[in-house]
Amino acid sequence: MKRIAVLTSGGDAPGMNAAVRAVVRTGVARGLEVFGIRNGFSGLIAGDFFQLGPRDVGGIIERGGTVLGTTRCEDLKTSMGQRAALQRLEANDIDGLIVIGGNGSQRGSLVLSQCGIRVVGIASTIDNDLFGAEPSIGATTALDTAIEAIDRLRVTASSHRRAFIVEVMGRNCGYLALMAGIAGGAEAIVLPEAPLEPEALGDEIRRSYARGKSHAIVIVAEGATHNAEGCMRYFSQHAERLGFELRVTRLGHIQRGGAPGAFDRLIATQLGAAASEYLQTQGSGVLLGFMRGAVAATALAEAAASTKTFEAPLYRLAHTLAE
């Protein structure tokens, strides 16, 4: 193996740049030529390759987003797109590919691996929904961002005796909402894995009011059956059920941006270094993630086919602490 390439794909996550930096510097230290691919799988299909050296990745470890750029690429799902990707890799004499991204990106990694390309994936998504990673790159920084926002909203909620519904990202995974609810002291949490009807949520808020609380914070995952918009639509017609005046805040993409925290920088660095080494010494077809304090490899086929187990004990703890 002489040449490897690295790309970032899907939603950006704080820590992606730290992983790219580690891939490049450890790869070069192991005698490899390392190439970056701009704009994810779209750039791979277009042939947008450029060589990277240690100095090219200086000063990026603290930067959010991804210096390589990223896209969500539908073309890779087609046979034409897959053939184009293979041709581009062959034309640039690339012996192995590292893909930094989340669920959809790693399904792309699996497709390329099944086509005969040596591929190693690195788990990177703020949703933290990838099987084989706990947590994935970006999740802890996104959680810290959500907590900072919740703390600020609680000040206003308490001052005005209001209830705030705060919607966080995470698609169909309730990790961010659950952890933000526990760490942010929420009175109620609404998750995709634990649906809560607006009427039942209204009862929770009303009980908080009856217990003498001066405000209420409700954390709702964007992928929940009744997200913030649905809840607000219901309560606009049933305001008497609450006791509190109600406001809604959607944190949205603010959770993606900003500098990665120390933990995300550390795990991204370890995963990037491990990916370069794994390609060169052990093969491919795996997703590398951080598990139980160390780098762990999971077959891409298993990671793509499996889902994370919902942490029911933590959900019950959150309900108990809300009293």
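Please treat every number below as a calculation from the coordinates, not as lab data. Predicted, not measured: the structure shown is a model, and the values here were computed from it. Positions of Cβ are backbone-derived with ideal geometry, glycine not excepted, and every protein chain shown enters the neighbour counts.
Measuring from centroid to centroid over Cα atoms, what is the spacing of the range 75-112 and the range 189-245 in Å?
43
What is the Å³ per residue value for the convex hull set by the Cα atoms of the range 193-320?
For the range 193-320, the hull spanned by Cα atoms encloses 161 Å³ per residue.
Restricting to Cα pairs below 8 Å that are 6+ residues apart, what does the relative contact order work out to for the chain? Please round to a whole percent.
23
Normalising by the residue count of the range 187-306, find the relative contact order in percent from Cα pairs under 8 Å and 6+ residues apart. List each step's numbers first, then the result.
Values: 104 pairs, mean separation 22.6, N = 120.
For the range 187-306, the relative contact order is 19 percent.
Counting other beta carbons within 10 Å of each Cβ, put VAL24, VAL99 in order, fewest first.
VAL24, VAL99
Sticking with the crude label model, points 7 Å out along Cα→Cβ, report the distance from SER159 to ARG72 in nm, one decimal please.
With each label point 7 Å from Cα toward Cβ, the separation is 3.7 nm.
Normalise the Debye intensity by I(0) for the chain, one equal point scatterer per Cα, no solvent, then take log10 at q = 0.08, 0.09 Å⁻¹ and round to two decimals.
With no solvent term, the Cα-only Debye profile gives -0.40, -0.50.
Quick one: grab the alpha carbon gyration tensor of the range 69-108, order the square roots of its eigenvalues as a ≥ b ≥ c, and give me rounded if a/c is under 1.5, else prolate or oblate depending on whether a/b is larger than b/c. Don't skip to the end; give the middle numbers.
Working: a/c = 2.13, a/b = 1.28, b/c = 1.66.
Since a/c reaches 1.5 but b/c is at least a/b, the shape of the range 69-108 is classed as oblate.
Plugging the Kirkwood radius over Cα pairs into Stokes-Einstein for the range 201-274, at a temperature of 37 °C and a viscosity of 0.692 mPa s, what D comes out in µm²/s? Please list the in-between numbers first.
On the way: Rh = 15.3 Å.
Approximately 215 µm²/s, per Stokes-Einstein.
Report, to one decimal in Å, the Kirkwood hydrodynamic radius for the range 49-189 based on all distinct Cα pairs.
18.0
Could you run the Karplus curve 6.51 cos²θ - 1.76 cosθ + 1.60 with θ = phi - 60° over the range 121-136 and give me ³J(HN,Hα) per residue in whole Hz, x for Gly and Pro?
Calculated HN-Hα couplings, in order: x, 10, 5, 8, 6, 5, 5, 6, 10, 7, 5, x, 8, 8, x, 7 Hz.
Mind putting together the pair-distance distribution for the range 142-256? All Cα pairs, 5 Å bins, whole percent per bin, short to long.
Bins of 5 Å from zero give 2, 14, 26, 26, 20, 9, 2, 0 percent of pairs.
With r as the distance between the Cβ atoms of GLU197 and ALA299 and R0 = 30 Å, compute the FRET efficiency 1/(1 + (r/R0)^6) and round to 0.05.
After rounding to 0.05, the efficiency reads 0.15.
Using R₀ = 22 Å, calculate the FRET efficiency as 1/(1 + (r/R₀)^6) where r is the Cβ-Cβ separation of ILE147 and TYR234; round to 0.05. Could the numbers behind the result be given before it?
Numbers: r = 27 Å, r/R0 = 1.21.
With R0 = 22 Å, the Cβ-Cβ based efficiency is 0.25.
Stick to Cα atoms and the Kirkwood definition of Rh, then tell me Rg/Rh for the range 119-187.
A ratio of 1.08.
Out of all DSSP beta bridges with both ends in the chain, state the antiparallel percent to the nearest 5.
Antiparallel: roughly 25 percent of the beta bridges in the chain.
List the aspartates and glutamates whose alpha-carbon lies under 18 Å from that of LYS2, not counting same-chain residues fewer than 8 positions away?
Excluding near neighbours in sequence, the set is GLU33, GLU90, ASP93, ASP95, GLU277.
I need the GluC sites (Glu not before Pro) found in the range 52-145, filtered to DSSP loop residues with at most 15 other beta carbons within 10 Å of theirs.
Sites meeting the loop and neighbour criteria: GLU62, GLU74.
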